[in-house]
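Heads up: the structure comes next, in structure tokens.
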Amino acid sequence: MPDEPQIWQHSRLVDKAEVEKSGCFTTLPVRISLYDDVADSTAKHGNRVWHWFIGDGVDTATSETSSPVGNLCSFLFPECAPGRVEAMAHINELLLIQKDILNDGGDCKDKDAAVANQKSPRASEATKIVQRLSIYFLRAAQIDHSAGTDILEMYKRSWRQDAESEDLSNVDSFSSLFMMRRAKAGFNLYYFLLAFSQEFKLSALDWATMNDLLYLFEMAMLHISDLYGWQREKQSGNDWATNFIPFYMRMEKMTEDQAMDKMRETIINYEKRFIASREQLYTRGLLPFHLRRWAEVCGAAIAGYHYWCANCPRLNQRDEQGDVSDKQSAVVETPPSTDAEPAVQGETVLPYLPAKPYPDTEVPNSPKPSRHGNLLDDSALLGPVNYIQSLSSKKTLTKLMEAFNVWLRIPDEQLSLLSQVVEDLHNASLILDDIQDESELRRGHAATHLIYGAPQSINSATYMITRVSRLLQTENNALIPIYLEELEKLFIGQSWDLHWKFHKRCPSEEAYFEMVDKKTGALFLMLLRLMQVSSPVSTSFDITHFCRLMGRWYQVRDDYMNLQSTDYSNLKGFCEDLDEGKFSYPVIRACNTSSSAQDIILGAFQAQQGSSDKLARATKLQILRLIDSTGALDHTWKLVRDLHREIGAEIGVLEGKLGGNPMLRGMMKALGKVPAPDVL
């Protein structure tokens, strides 16, 4: 029988008395990596190399992640595999340095680089720190190509320079502050780093399973960070508005001392809720080993981060940092216990084991009612939201926005907000589309409503649409009318798509393109109109024709690829549009070209109506061959290519007015590859 995997393979328990003596009040057990000496020496070396790299003449023997009780990496990633410790220590050290650079002015928004560098000496360091980080992200990819690539992609998506410059002083709701703080903290990047450190890969189902627990983890970590970082932030004058302490002072009319007391109570409350939620997760049944380990390590990370924050020089002014012997005196080997880790039979699942932080820690059966009325948070609401956001995407709208910003030159902060607007609205539409189409797959994973149920998914999608309104309202009063106008068109377009499908009525090609102009074209037009209003430069040029072409090309291309692309089949299922009884462009063209083809196709759709089963593969192949025999498939392919050429010509017209845009042309070229019809 193979050896049983154990949760704790690379870490040790820190003595509870030592933890309490340091002033740390965590109720969870603190663990530290067995390889803390490697992590700390690596971080110090990385710090010295950084100062040499920027040539500031500083020769330091310490690091941003060091502390008298251990290195931050050893607490956040206590179960990091020994062969990955050095890469993780370098990355963590550089991420903290990057945070300081951005807080110190490295996110300067001046368009003139020379002016930016004069205003902020650290502005040039922002680019250099990304270069250094890239080295270690690539090193991670050399160790584990898939996980390292995931880390690099998540870093590009979640750690933007402008993320450190948001002014949250006017935020008046707890959920809004949390969402903005969450994005700034880079939790998604942390989870991918954690997966790399423990040699496992995250699936979309993993994210969905862990969502409720991760919400509590993030709330605890943010409050710990704000409690111990408050004095440093207040003294530096940077980012004070992003801290929960001034938020509580402002919203609940508290003094600073009262707000800090509330922070301590809140941290303990979230730790207890984390423990209770973790136990509930275990009681659902057999849980994969990597998820149970993830849950346990997150608990250790909360406690370890708390312990590190209470002792690190970065957040505490001290004359001495102690030495290695001081650190190791606080570490004890985990004693043998009768409560051994349970056996693992077969693959990677474990039966339920109650979580026990300390023998004398009381875990309530349920959270106690709060006098502030915040017992029910928005974690259930955000579950489907976080799930759909975790799925990989082509990011076509985001790329289009970045390409047009070559002309519009919108400041990073506003561009980031518009990016969030577009992502929220697009993801909300995908959740609703999958419910309306009864789709089982989205981007190769289970559709959101199959994980969270249709009612909750609809509720969350509606929330995302209303959240966009709130974001736009706080930015610019001129944005809301544009948003509502184009949103109405989008819903009207979708209504006709659903109407034709339900009543099994094939529309004319003219009606189809009007539907597409509203359903798909309106999304492109909304995006670019919002950008035009937000731009500081003259935006008198007309983008209506470009958006109409983009909407038609994007939708017809999607209709064609659904029937022809192997990649689409892998992500959505073979000819999924036919399962839905959808009147895509090739189907409409075939039906309007041949009455006999229309009879057969509508007959198959009507026979399928009301059934939860998919069309038989043989039936779909018959319909596909029928569409091809009418010439509709070849016509659709040529139309996609013609629309792509028209878009290229329209880009030329815009370039004549605004200047060259190689980014926009490169994007369209990459998306322009469409295979010729190939029917078996």
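Here, each number is a calculation from the coordinates, and none is a lab measurement. The structure displayed is predicted, hence computed values, not measured ones. Note: ideal-geometry Cβ built from the backbone for every residue, glycine included; neighbour counts use all protein chains shown.
Once a ≥ b ≥ c are taken as the square roots of the eigenvalues of the Cα gyration tensor of region 241-309, is the result rounded (a/c under 1.5), prolate (a/b larger than b/c) or oblate (a/b not larger than b/c)?
Because a/c hits 1.5 or more and a/b exceeds b/c, region 241-309 counts as prolate.
Filter the cross-link list K201/K518; K44/K253; K501/K673; K272/K395 down to pairs whose alpha-carbon distance in this structure exceeds 31 Å. Kindly include the intermediate steps, with their values, before the conclusion.
Working: K201/K518 40 Å; K44/K253 43 Å; K501/K673 29 Å; K272/K395 38 Å.
Too far apart for the 31 Å limit: K201/K518; K44/K253; K272/K395.
Any chance you could check the Cα centroid distance between region 433-458 and region 17-74 for me, in angstrom?
Value for the Cα centre distance between the two parts: 44 Å.
Within 14 Å, Cβ to Cβ, of E256, how many net charges do the neighbouring residues add up to if Lys/Arg are +1 and Asp/Glu are -1? Write out the running numbers ahead of the final one.
On the way: positive: K234, R250, K253, K262, R264; negative: D226, E233, E252, D257, D261.
Charge balance in the 14 Å sphere: 0.
Pop the C-beta distance of L381 and K673 into the FRET formula with R0 = 51 Å and round what comes out to the nearest 0.05.
Numbers: r = 39 Å, r/R0 = 0.77.
Computed FRET efficiency for L381 and K673 comes out at 0.85.
For the residues C73, C309, what sequence is obtained by ranking on other C-beta atoms within 10 Å, fewest first?
Working: C73 31, C309 21.
Fewest to most other Cβ atoms nearby, the residues stand as C309, C73.
Contour minus end-to-end for Q473 and Q420, with contour as 0.36 nm per residue of separation and end-to-end as the Cα-Cα distance?
17.7 nm
If you wrap a convex hull around the alpha carbons of region 379-672, what volume per residue comes out, as a whole number of Å³? If you can, show how the numbers build up before the last one.
On the way: hull volume 36.7 nm³, N = 294.
Normalising the Cα hull of region 379-672 by residue number yields 125 Å³.
Using the Karplus equation 6.51 cos²θ - 1.76 cosθ + 1.60 (θ = phi - 60°), what ³J(HN,Hα) coupling, rounded to whole Hz, does each residue of region 143-153 give in order, writing x for Gly and Pro?
Using θ = phi - 60°, the values come out as 6, 8, 4, 5, 5, x, 5, 4, 4, 5, 5 Hz.
For a quick protection proxy, order the peptides 87-93, 52-58, 224-230 by their average other-Cβ count within 10 Å, most packed first.
Ranked by mean Cβ neighbours within 10 Å, highest first: 87-93, 224-230, 52-58.
Label point 7 Å out from I492 along Cα-to-Cβ: which residues of region 504-523 have amide N under 18 Å?
Those under the cut-off are 508, 510-523.
What shape does region 176-295 take by its C-alpha gyration tensor, where a ≥ b ≥ c are the square roots of the eigenvalues and a/c under 1.5 counts as rounded, a/b above b/c as prolate, and the rest as oblate?
Here region 176-295 falls in the prolate category.
Let me know the charge dipole size of region 379-672 about its Cα centre in debye, to the nearest 20, where only the beta-carbon of Lys, Arg (+1) and Asp, Glu (-1) is charged.
Once rounded to the nearest 20, the dipole reads 400 debye.
So how much slack lies between F502 and E514, counting 0.36 nm per residue of separation and subtracting their Cα-Cα distance, in nm?
Contour length minus Cα-Cα distance gives 2.5 nm.
What spacing in nm lies between the two simple spin-label points modelled at E655 and H51, each 7 Å away from Cα in the Cβ direction?
4.9 nm
Testing the spin-label approximation: label points 7 Å from Cα along Cα→Cβ at T255 and R645. State their distance in nm.
In this crude label model, T255 to R645 measures out at 7.7 nm.
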